[in-house]
1. Restricting attention to the stretch 157-167, which residues are closer than 20 Å to residue 128 by Cα and touching a residue at least 40 places away in the same chain (Cβ under 8 Å)?
2. Assess whether residue 170 counts as being open to solvent by 50 Å² or more (accessible area, probe 1.4 Å), free of Cβ contacts under 8 Å to residues at least 60 places away in the same chain and of a type outside the set (S, T, N, Q).
3. Looking at 55, 75, can you tell me which residue is in contact (Cβ under 8 Å) with a residue 60 or more places away in the chain and not in a loop (DSSP other than H, G, I, E, B)?
4. Please determine, by comparing only the residues of the stretch 79-98 that are touching a residue at least 40 places away in the same chain (Cβ under 8 Å) and out of contact with any Asp or Glu (no Cβ under 9 Å at 6 or more places or on another chain), which one is surrounded by the most Cβ atoms within 10 Å (Cβ to Cβ).
5. I'm trying to understand the selection: among the residues of the stretch 186-212, which are open to solvent by 40 Å² or more (accessible area, probe 1.4 Å), closer than 20 Å to residue 146 by Cα and touching a strand residue (DSSP E or B) at 6+ places or on another chain (Cβ under 8 Å)?
6. Would you check which residues across the stretch 4-24 are aliphatic (A, V, I, L, M) and either open to solvent by 50 Å² or more (accessible area, probe 1.4 Å) or under 17 Å from residue 64 (Cβ atoms) (or both) and list them?
7. Regarding residue 281, is this residue open to solvent by 20 Å² or more (accessible area, probe 1.4 Å) and either within 19 Å of residue 195 (Cα to Cα) or in contact (Cβ under 8 Å) with a residue 60 or more places away in the chain (or both)?
8. Among the residues of the stretch 229-251, what is the count of those that are closer than 11 Å to residue 195 by Cβ and of a type in the set (Gly, Ala, Ser)?
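The values are calculated or read from the model by the stated rules, or taken from the named source; none is laboratory data. Computed from a predicted model, the values in this text were never measured in an experiment. For neighbour counting, all protein chains shown are included, and Cβ atoms are generated from backbone atoms with ideal geometry for every residue, glycine included. We work out accessible area using only protein heavy atoms, side chains counted, and drop any ligands, DNA or RNA first. Shrake-Rupley method; radii C 1.70, N 1.55, O 1.52, S 1.80 Å.
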Amino acid sequence: MPFAVFPCKRARILSFTDQGVADYNAPVLFDCGIEWNRTQAENLWQQILAILPAFDFAELSNMPEKIGNLINPLFLLANTENQANSHANILTRSWDEIQQSLVRPKAIRRKLRHLHELGNYEFSIAETPQEQQHLLEFMLHEKQQRFIETHVPGFDQYPEKAHYFNDATKAFQATDTLHISALKLNGEPLACMWGLISGPHYYGIMIASNLKKWAKYSPGHVLHYLLLQHLKDEGYDCLDLGVGDEEWKVQNCDLVIPLRCITVTPTMRGKLYLYQKIAITYLRSTSFWQALRPLKWRVLRTLQR
């Protein structure tokens with residue numbers, strides 16, 4: 001069980017070790033022939049609680065029902081909805097069927113022709129650590145630009161997220177599971193996807209595009225289209241875009257992967273933490289907050305300069 005207890009606002013929070021970075025969370029499972037049911041899962045959970053350090057609030061999020069073909073026992077105990085589901089493209093169908101599941105594939109092909117008229121466009125997979133690092137730097141830069149333009153906190157406020165991708169790039173390079181693809185025009189990256197591979201399953205973790213110069217060519221959508229084609233040709237069975245109900249994922253994916261969450265409040269401090277969390281979530285959903293939030297980050301970044 002990859003758990004950790006973190007201090008937060010005078011409360012001790014039990015969560016998965018990812019602290020919100022991973023798209024999927026689950027126990028490390030072994031094929032031991034166990035057919036998990038709720039009663040067995042509840043018994044396991046009580047044994048886990050008996051040996052865990054003290055905590056006030058537990059939130060075990062982003063949990064899928066299965067890991068491969070194995071049932072996730074914690075999913076059976078989920079008592080709250082996850083903030084979002086995951087979305088994926090199934091690649092075991094014909095290419096024509098895959099294209100039909102996309103929004104406006106003809107428009108994507110037209111944008112590809114327009115890029116071809118501008119020069120030499122290419123879809124490429126980074127093969128060396130140097131090229132992978134170069135594309136990662138491009139992605140982090142473009143992501144930060146989008147954060148600034150949309151007036152939301154970015155890597156300047158949460159540098160640990162950029163550190164994660166730098167460290168993860170080196171770690172997954174060593175295991176040969178890192179897969180960074182790019183759409184380039186005359187050697188210049190227009191869009192990149194940072195992903196991982198596990199057997200025939202591809203996980204797209206982060207996508208970034210240069211929208212300042214190339215927005216009208218929809219480089220992210222074009223890259224997704226070319227990546228689908230590449231993975232289909234290479235015999236992969238799934239392009240998994242992970243957690244998030246963004247409109248472009250919902251519109252361009254044909255598989256929804258439900259995710260669930262376990263929330264536990266064993267102490268009064270934990271209950272107060274949960275009430276505060278619910279109140280903040282509600283506040284952030286109001287039109288007043290939506291109008292105020294961009295102004296907040298615009299002022300903060302102006303002061304930082």
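1. Result: 164, 165.
2. On the way: open to solvent by 50 Å² or more (accessible area, probe 1.4 Å): yes; free of Cβ contacts under 8 Å to residues at least 60 places away in the same chain: yes; of a type outside the set (S, T, N, Q): yes.
Here the answer is yes, as residue 170 does meet what is asked.
3. Numbers: 55 fails: not in a loop (DSSP other than H, G, I, E, B).
Going through 55, 75 in turn, the sole match is 75.
4. Per the criteria, the residue is 82.
5. To start, the set of residues in the stretch 186-212 that are open to solvent by 40 Å² or more (accessible area, probe 1.4 Å) comprises 186-188, 197-201, 203, 205, 211-212.
If we keep only those that are closer than 20 Å to residue 146 by Cα too, we end up with 188, 205, 211-212.
The answer is 205, and nothing else.
6. Applying the first criterion (aliphatic (A, V, I, L, M)) to the stretch 4-24 yields 4-5, 11, 13-14, 21-22.
Those that are aliphatic (A, V, I, L, M) and either open to solvent by 50 Å² or more (accessible area, probe 1.4 Å) or under 17 Å from residue 64 (Cβ atoms) (or both): 5, 21, 22.
7. Working: open to solvent by 20 Å² or more (accessible area, probe 1.4 Å): yes; either within 19 Å of residue 195 (Cα to Cα) or in contact (Cβ under 8 Å) with a residue 60 or more places away in the chain (or both): no.
So residue 281 does not fit the description; no.
8. Of the residues in that region, 1 qualify.
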